[in-house]
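Chemist: I am attaching a structure below and will ask some questions about it afterwards.
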Amino acid sequence: MTRLDRQFDFLNEADRLKSVQRANLLLDGSRPENSAEHSWHVALWALVHAGAAPEGCDTDRALQMLLLHDLVEIDAGDHPIHLPNPGQARAEQAAAARLFARLPEDLHARLHALWREFEAGQSPEARFAKQIDHCQPLFQVLCAQSPRPDHLDIVRDNLATGRAADLCQRWPAAHTAAVALLEHRAPPPGDFTDGLGFLSEVDALKSVYRATTLCDGSRFENSGEHSWHIALYAQILADQAGPGVDIARVIKMLLLHDIVEIDVGDVPIHSQDGTAHGSADILAAEAKAADRIFGLLPKILRDDLHTTWTEFEANSTPSAKFARSLDRVQPVMQNIQCGGGSWKDYDVTFAQMEARVGAKVAIGAPDLWLWVRARTLAFFD
């Protein structure tokens, strides 16, 4: 296997995380959250609450930990915090050994070490990542439209005696807000509370479905888990980036890029014979959605994240061009894995696919497109 063969073998295997159900529900209560969209959501939590990181923390490194932290659940499953499972740690270690071994040796060593660092919870980055990972599930219950009584009981016990019990020392603002919501009071104003509206609103992206399916073809992919997957693509395929590309910024762009679909919905690139995607009407609607959704944040953070989204849309910097290339490549790989997917649904020819997708991928990742193109040609032949 070539280096890219192994990188994509890992990324295709990672797709299975989208089928691992968690105990938490989406905020609207419509279904259980899966571990891929959870990983995307905690990454956004880390972006919004970077100011709460401990001294000396590299928040970009913590973000990379959060993209990886639950991959082991592909084999080991999700472990609800209120249920005993003495064999979970051993199962997760075995899963990590199997999964990261699929990568080229340098990536295998680096990312397995990053996962172990998260698990140990000792470095400033790991402490911050775990702080975020322990907090998001609490507010996934507390901010729900109609929280289940048994889930509220789990939150109450977790805050009293569980892994969130020391939040009052580690993150007092989060603890105070959680207790207030449990007691049906408005949480006090401040940096933590100011981010809750945005972080609750973006949960809706988990219910926006795309034209592409999971790699196994079992269902359509949603835009939340897609955003996690392509952020992982950036982490794994960073060696394909050209001069001037900032991978940390690429990851942030990809975590944020589809948030506007909460209002606008997904616009498949092959819909309306390729004319709908990027049309003036769609671009205007997405700009309006960005103003509304990022407008839920305090000004400094609103301006920072909105600027990141705008840079991706403008597609003029090296980082944006690489990010957009990855956003185009991932659906191609999903279609290859599932036997055609949206290409069959929209009766796409190879020439159309290359014009709508390949030419754009080649702008930011030319060598990557050569590899993908050869596999795409084999499918269409």
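Chemist: About the Cα centre of the stretch 9-71, what is the dipole size in debye to 20, counting +1 per Lys and Arg Cβ and -1 per Asp and Glu Cβ, all else neutral? Kindly include the intermediate steps, with their values, before the conclusion.
Modeler: Details: 5 positive and 10 negative charges, 41 e Å.
Charge dipole, the stretch 9-71, about its Cα centre: 200 debye, nearest 20.
Chemist: Tell me the net charge near Ser319. Cut-off is 12 Å between Cβ atoms, Ser319 excluded, with +1 for each Lys or Arg and -1 for each Asp or Glu.
Modeler: +2
Chemist: Filter Lys18/Lys344; Lys252/Lys344; Lys18/Lys130; Lys18/Lys360; Lys206/Lys321; Lys299/Lys360 down to the pairs with a C-alpha to C-alpha distance above 29 Å, please. All intermediate terms of the calculation are to be shown ahead of the outcome.
Modeler: Details: Lys18/Lys344 23 Å; Lys252/Lys344 32 Å; Lys18/Lys130 21 Å; Lys18/Lys360 27 Å; Lys206/Lys321 25 Å; Lys299/Lys360 33 Å.
The answer is Lys252/Lys344; Lys299/Lys360.
Chemist: What angle, in degrees between 0 and 90 and rounded to the nearest 10, separates the Cα long axis of helix 247-256 from the longest principal axis of the Cα atoms of the chain?
Modeler: 80
Chemist: Go through Leu138, Trp369, Ala43 and say which Cα lies farthest out towards the positive end of the charge dipole of the chain; charges sit on Cβ, +1 for Lys and Arg, -1 for Asp and Glu.
Modeler: Working it through, the farthest residue towards the positive pole turns out to be Trp369.
Chemist: Answer with one residue from Ala113, Val329, Val20: the one whose Cα lies farthest towards the positive end of the charge dipole of the chain, charges on Cβ with Lys, Arg +1 and Asp, Glu -1.
Modeler: Comparing the listed Cα positions along the dipole, Ala113 ranks first.
Chemist: For Thr2, Thr317, what ranking results if the residue with the fewest other Cβ atoms within 10 Å of its Cβ goes first?
Modeler: Thr2, Thr317
Chemist: On to the next question. Rounded to the nearest 20 debye, what is the charge dipole size of the chain about its Cα centre when +1 sits on each Lys and Arg Cβ and -1 on each Asp and Glu Cβ?
Modeler: The dipole magnitude comes to about 280 debye.
Chemist: Going by average Cβ neighbours within 10 Å, how do the peptides 282-288, 144-150 rank, with the highest at the top?
Modeler: Output ranking for 282-288, 144-150: 282-288, 144-150.
Chemist: Mean 1/r over all different Cα pairs, inverted: what Kirkwood radius does the stretch 140-227 give, in Å?
Modeler: Radius from the Kirkwood sum: 15.0 Å.
Chemist: In deg cm²/dmol, rounded to 500, what helix-only [θ] at 222 nm does the chain give when every DSSP H run of at least 4 residues adds -39500 (n - 2.57) and the total is split over its residues? Show your work: numbers first, answer last.
Modeler: Details: 21 runs with 236 residues, N = 381.
Only helices count here, giving -19000 deg cm²/dmol.
Chemist: Rounded to the nearest 20 debye, what is the charge dipole size of the stretch 208-380 about its Cα centre when +1 sits on each Lys and Arg Cβ and -1 on each Asp and Glu Cβ?
Modeler: 220
Chemist: Identify, among Pro187, Ser218, Val72, the residue whose Cα sits farthest towards the positive end of the charge dipole of the chain, taking +1 on the Cβ of Lys and Arg and -1 on the Cβ of Asp and Glu, with the dipole about the Cα centre.
Modeler: Toward the positive end, the furthest listed residue is Val72.
Chemist: Between Asp273, Asp70, Asp60, where does the largest GNM mean-square fluctuation fall for the chain, given springs only between Cα atoms within less than 10 Å?
Modeler: In the Gaussian network model the winner is Asp273.
Chemist: Further question: Among Pro331, Pro80, Pro318, determine the one that fluctuates most according to a GNM of the chain built with springs between C-alpha atoms less than 10 Å apart.
Modeler: It is Pro80.
Values quoted throughout were computed directly from the atomic coordinates according to the rules given, and no laboratory measurement underlies them. The shown structure was predicted, so the numbers you read here are calculated from the model rather than taken from an experiment. A quick note on method: Cβ atoms are made from the backbone with ideal geometry, for glycine too, and the neighbour counts reach across all protein chains shown.
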